[in-house]
1. Treating only the Cβ of Lys, Arg, Asp and Glu as charged (+1, +1, -1, -1), what charge dipole size does the chain show about its Cα centre? Round to the nearest 20 debye.
2. Could you calculate the contour length gain from residue 153 to residue 421, that is, 0.36 nm times the residue separation minus the distance between their Cα atoms, to one decimal place in nm?
3. Quick one: the Cα spread of the stretch 364-438 along its three principal axes, in angstroms, biggest first?
4. For residue 146, enumerate residues with amide H under 5 Å from its amide H, sequence gap 5+ or separate chain, H modeled in the peptide plane.
5. Could you give each residue of the stretch 236-248 its phi-based ³J(HN,Hα) in whole Hz, using Karplus coefficients 6.51, -1.76, 1.60 with θ = phi - 60°, and x for Gly or Pro?
6. For residue 379, what is the net charge nearby, where nearby means another residue's Cβ is under 15 Å from its Cβ and Lys, Arg count +1, Asp, Glu -1?
7. Could you give the Stokes-Einstein D for the stretch 131-302 in µm² per second, using the C-alpha Kirkwood radius, 4 °C, 1.567 mPa s?
8. Using Cα pairs closer than 8 Å and at least 6 residues apart in sequence, work out the relative contact order for the stretch 203-330, in percent.
Amino acid sequence: PLAVRTSITSRYETIYRSTTAQEEAALDVATAREADAALRPLQDALLGSLTVYVVPETSPLLPQGISVYVGKHRSALVRIGGGLAALRTRLQQLTQVMSFTASSIATALSDRMPNGQLGSDARRHLKSSLGYEITFSLLNPDPKSHAVDWDIEDAVNRYVQPVLDKLSLVANFSVDSQILYYAVLGVTPRFDKESSSFLLSAHSLPHVINPVEARLGSSAASLYPVLNFLLYVPERSHSPLYIQDKDGAPVSTNAFHSPRWGGIMVYNVEAPASPQASLPLHVDVDMVRVMEVFLAQLRLLFGLSREELPAEFLLESPGNEGLADWELDRLLWAHTVENIATVSTTLTSLAQLLDKIGNIVIKDDVASEVYRAVASAQSAVAKLATGHLLSAFQASKEAVTSSERAFFDPSLLHLLYFPDDQKFAIYIPLFLPMAVPILLSLAKIVREARQRKKEPTKMD
């Protein structure tokens, strides 16, 4: 049904071959992780391609009970046990995990599909954009009690920048940071006598965003979507502060994220050993723990969360790069499809606008942008159909840029063109007072001319 609604289908070209001598040597190692690293130089570098190596059932590469190993590049290892039917099932499951599927199409086109046809998480991901701005904010509501020090520059260079380098194919990123003093959450936490701590329940978390966002001031002058990552150090009178989930259990990370907006982490400060300790207390933030949470939230915002997998699947951690190569391919696929849909919507809206205003003037540069957008969108569709993912994504970005330039051109502002009834309403009061005597004079001249024709001509 999804293919009928979206006119988009996913198909795969499967090629079977025997392993080469170099691949056999790369597979002759102790662990699957070593094999994944050794096989990377031997694989096809084409984005969107997958290489699946079928290993014997007795192979020591895969741990006991594991039938499928998914590497962090574009390859996987599959144990052959169970016959061809079991192998075919595992390959289908592998395709659902590592490649572009019907659910990926539904998520990419979530803003253009009815609510009833989508899951609850379909609209949680960031919309495709040519760029994103990431803002890290430290909120210190009680600077008299806490002198908080965080080495955000080093943390960004060590943990965030490798992820953004990997995502540079998808969009441009800019990163900044700020420290806000006397910035509170806007929600009063509840004190729990049993644990001697303060609690933020799940139903109160949505009310935290608006008061905090009013202090950030980062999205007002931004051309691109802003991702906000906030580290909140609770004031001394509300410490320690813990976040509860819907079931009332404490959240292990003490953090939560808001779809398409960002995330907030509560960082509690240990109380001083002696009550007579001098204030403010010096606090050195553990940036490793903080960045682990923020990077996990960044993956959620980009739709890179991993679904529940069968027990016999083993996924390799992407390491400090933040995402695997096949996850990057899925992201490029999703953004390419979304870009093509955005261009179609933009050009359709522009055509409807031009149909409503018959006397609108379309300049040559606007027309050329429309032609360029159509050609780039058609090129993206054609390249996507042939499996050239990177060139298809680049063409879709060019199509989005051209279509938006045409749509937002100042000469096509509909307020510049008035309907005919408004023109009559404006000009009739101006010209009618002058037109009345002129029309009466013309009528008098016509009557006199007719009267002259009726009178007989005198003959001498």
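1. Values: 41 positive and 49 negative charges, 526 e Å.
In debye, rounded to 20, the chain gives about 2520.
2. On the way: separation 268, 0.36 × 268 = 96.48 nm, distance 6.10 nm.
That pair, residue 153 and residue 421, stretches by 90.4 nm at full extension.
3. Cα spread of the stretch 364-438 along its principal axes, largest to smallest: 75, 17, 17 Å.
4. For residue 146, whose amide H was placed from the backbone, the distant partners under 5 Å are 281.
5. 4, 6, 10, 10, x, 10, 10, 9, 9, 8, 5, 8, x
6. Numbers: positive: 372, 383, 397; negative: 398.
Around residue 379, the surrounding residues sum to +2.
7. Details: Rh = 16.9 Å.
Roughly 77 µm²/s, to the nearest whole number.
8. Numbers: 89 pairs, mean separation 24.8, N = 128.
Averaging sequence separation for qualifying contacts and normalising by length gives 19 percent for the stretch 203-330.
The values are calculated or read from the model by the stated rules, or taken from the named source; none is laboratory data. Note that the structure is predicted; figures quoted are calculated from it, not measured. Virtual Cβ from ideal backbone geometry, glycine too; neighbours counted across all protein chains shown. All accessible areas refer to the heavy atoms of the entire protein, side chains included, with ligands and DNA or RNA removed. Shrake-Rupley method; radii C 1.70, N 1.55, O 1.52, S 1.80 Å.
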